[in-house]
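No value in this document is a laboratory result; all are computed from the given coordinates. Quick caveat, the model's predicted, so the values are computed rather than measured. Cβ placement follows ideal geometry from the backbone for every residue including glycine, while neighbour counts extend to all protein chains displayed.
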Amino acid sequence: MMARTSLKDNIDSKEVNLISEVNKVKFDRDFQQLDKYYILDGLVEVIVGVRQGLGYYIVREPELTSEELEVYQAIMERLRYKTKPDEQLLTDPLGYLERVLKEELDDFEARNGTSVSMQKLSYYLKRDVLGFGPLEPLMNDPDIEDISIEGVGKPAKVFHRRFSPYDWLCTNIIFDSEEELNNYIIRLAHMGGKHISIAHPIAEVILTNRHRATLTFSREVTPHGPSLTIRKFREKPLTICHLIKNGTISSLMATYWWILLENKSFFMIIGPMASGKTTLLNSLAMLLKPNWKVVSIEDIPELNLAHPGWKPLVSRHTYLLGENLTEIRLFDLVKLSFRERADFIIVGEVRGEEAYALFQAAASGHGCACTFHSPNFESMVNRLTSPPLNVGPSYIDLISNVIVIKRITKSVKQAVRRVTEIDEVVNFREYLKVFTWNPVDDLFEPDDPYDLIEKSVQLKRIAEATGQDEESILNDLLERKNFLEKLVKNNILDFENVTRYLRNFYYRRPSNFE
Ligand SMILES: Nc1ncnc2c1ncn2[C@@H]1O[C@H](COP(=O)(O)OP(=O)(O)OP(=O)(O)O)[C@@H](O)[C@H]1O
Ligand SMILES: [Mg+2]
């Protein structure tokens, strides 16, 4: 489905030049093939391999015969110059495209008496008119996490879920012409409903199907030429149960967070780039009480919550030069959320002055959670308390929980994500390691709810505030832990099912409703 994209933009660009260029790769003796598979209904072949320590991701698209190329060009010509206003073009672009293809094919066959492949032509037309053009195979491979193009004449690179120890893999997709790459960048910006130009050479957009893209135009800020980075969106987000199953977290960690969330604690998820912070934040949010009002605040809408009381807020950028009164920043939205009577406020990523507002929200009794780029507790506190974030040191102990997540390369063949540490904040300088990850045996400590209660200051505070004794907290932990473990054991992992079971869990426990 096309969202906010001008069909004309796509038709005017010249991706046809790239057809079959990508197939011209030759493999030499040093190339060691690691995998071969097919995507896009078996039309596109993917070969993953390694050569002299560098990983490669080679795409082979279907070859067009000269007749097929002729039909393709005729259709593009017709779409570019001859198409009359047609309602179907707006309401059902795919149906329109298929209709045009059928008409042109019938016409070609009647004239020449030979038939050409409808399937191949349909692939290229959808790719170039409605899809992501030359990056279509990468966008359609569910194993690709990120895509990066660092300039003109440089191969597009990908991050592959199953071959992540090789880091970025080089593909055989290259934009050789600056004009072509600039046009492609403009097209992506338009797809996300934004503008990019010499005057505004940077854009962050959400593309069709919610993929996140960071774009730069021409050589204004990127001397190697236009560039792009795409973080692909998982249509079905990873759930808390997936994360337990794949060993990112333990069931006891999830249970502990669940109780903290219910008591409106303040969570900071920290870690390096692409370590899985947003994914963890999204899956944690699935544990929020279904009868709460949850407000999320983001620059780029990445979160995907299956919560009935979810209200997403997204900042607004404008293209005015000079004083900008129409821009709506994260800071403004956090302030707005104070008046929303929200139970829980989630800020996708804290980078600037909104940090201060978020701490105000926590101080006024809201539950809060956010992600933050920082490798550990000390550097997080340093950054938070320095300009431009300027959070007062006395506010730091409002944070209940600091979760550190990392991507760990376990072997040449395997990279995993692990929550390596969970800290409770005692005060500005002091924190308490409640959970740790042991890399030798890949286990989380503690594993026993009783040991956790012994360690955790937060759980003791919750017990005190809610008038519970240790035993009732322990029983609560055990009940929820068993519940989550049962889901995981029975392979109930996906988004819809996990949300349904969690909701049922609350309905069975009416005391949880305020
Ligand atoms: N625990 C996990 N297990 C498997 N894959 C994961 C896990 N966490 C994240 N991923 C995948 O890793 C990629 C990066 O994840 P995510 O966007 O959550 O990272 P991030 O730390 O928020 O990145 P950034 O620093 O860019 O904001 C995504 O493709 C996501 O699907
Ligand atoms: Mg993120």
(request) With a point put 7 Å past each Cα toward its Cβ, work out how far LYS335 is from SER177 in nm, to one decimal. (result) 4.9
(request) Just flag the GluC sites (Glu not before Pro) in the stretch 154-196 sitting in loop per DSSP whose Cβ has no more than 11 other Cβ atoms within 10 Å. (result) none
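Between ASN497 and SER386, what FRET efficiency follows from the Cβ-Cβ distance if R0 is 45 Å, with the result rounded to 0.05?
The value I calculate is 0.55.
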(request) For the chain, give the magnitude of the charge dipole about the Cα centre (Cβ charges: +1 Lys/Arg, -1 Asp/Glu; no others), in debye to the nearest 20. (result) 500
(request) Can you list which of the trypsin sites (Lys or Arg not before Pro) found in the stretch 387-459 are DSSP loop residues with at most 13 other C-beta atoms within 10 Å? (result) LYS410, LYS413, ARG429
(request) Just name one of ASN172, THR83, ILE198: the one whose Cα is farthest towards the positive end of the charge dipole of the stretch 7-231 (beta-carbon charges, Lys/Arg +1, Asp/Glu -1). (result) ILE198
(message) Can you compute the FRET efficiency between GLU235 and ASN490 using 1/(1 + (r/R0)^6), with r the Cβ-Cβ distance and R0 = 22 Å? Round to the nearest 0.05.
(response) 0.45
(request) State whether the stretch 7-231 is rounded, prolate or oblate according to the following rule on the C-alpha gyration tensor (a ≥ b ≥ c being the square roots of its eigenvalues): a/c under 1.5 gives rounded; otherwise a/b larger than b/c gives prolate, and the remaining case gives oblate. (result) oblate
(request) Please name which of GLY131, ILE249, PRO93 has its Cα lying farthest along the dipole of the chain towards the positive end, using unit charges on Cβ (Lys, Arg +1; Asp, Glu -1) and the Cα centre as origin. (result) ILE249
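Rounding to the nearest 20 debye, state how big the charge dipole of the stretch 7-231 is about its Cα centre with +1 on each Lys and Arg Cβ and -1 on each Asp and Glu Cβ.
On the way: 28 positive and 38 negative charges, 108 e Å.
Dipole magnitude for the stretch 7-231 comes out near 520 debye.
FRET efficiency for LEU432 and SER364, Cβ-Cβ distance as r, R0 = 25 Å, nearest 0.05? Write down the numbers at each step before the final one.
Values: r = 25 Å, r/R0 = 0.99.
For R0 = 25 Å, the calculated efficiency reads 0.50.
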(request) For a label point 7 Å from the Cα of GLU109 along Cα→C-beta, name the residues of the stretch 45-68 whose backbone N is under 20 Å from it. (result) 64-68
(message) Past the 39 angstrom mark, what percentage of all C-alpha to C-alpha distances in the chain do you count?
(response) 34
(request) Round to a whole angstrom and tell me the spacing of the C-alpha centers of the stretch 182-210 and the stretch 61-99. (result) 24
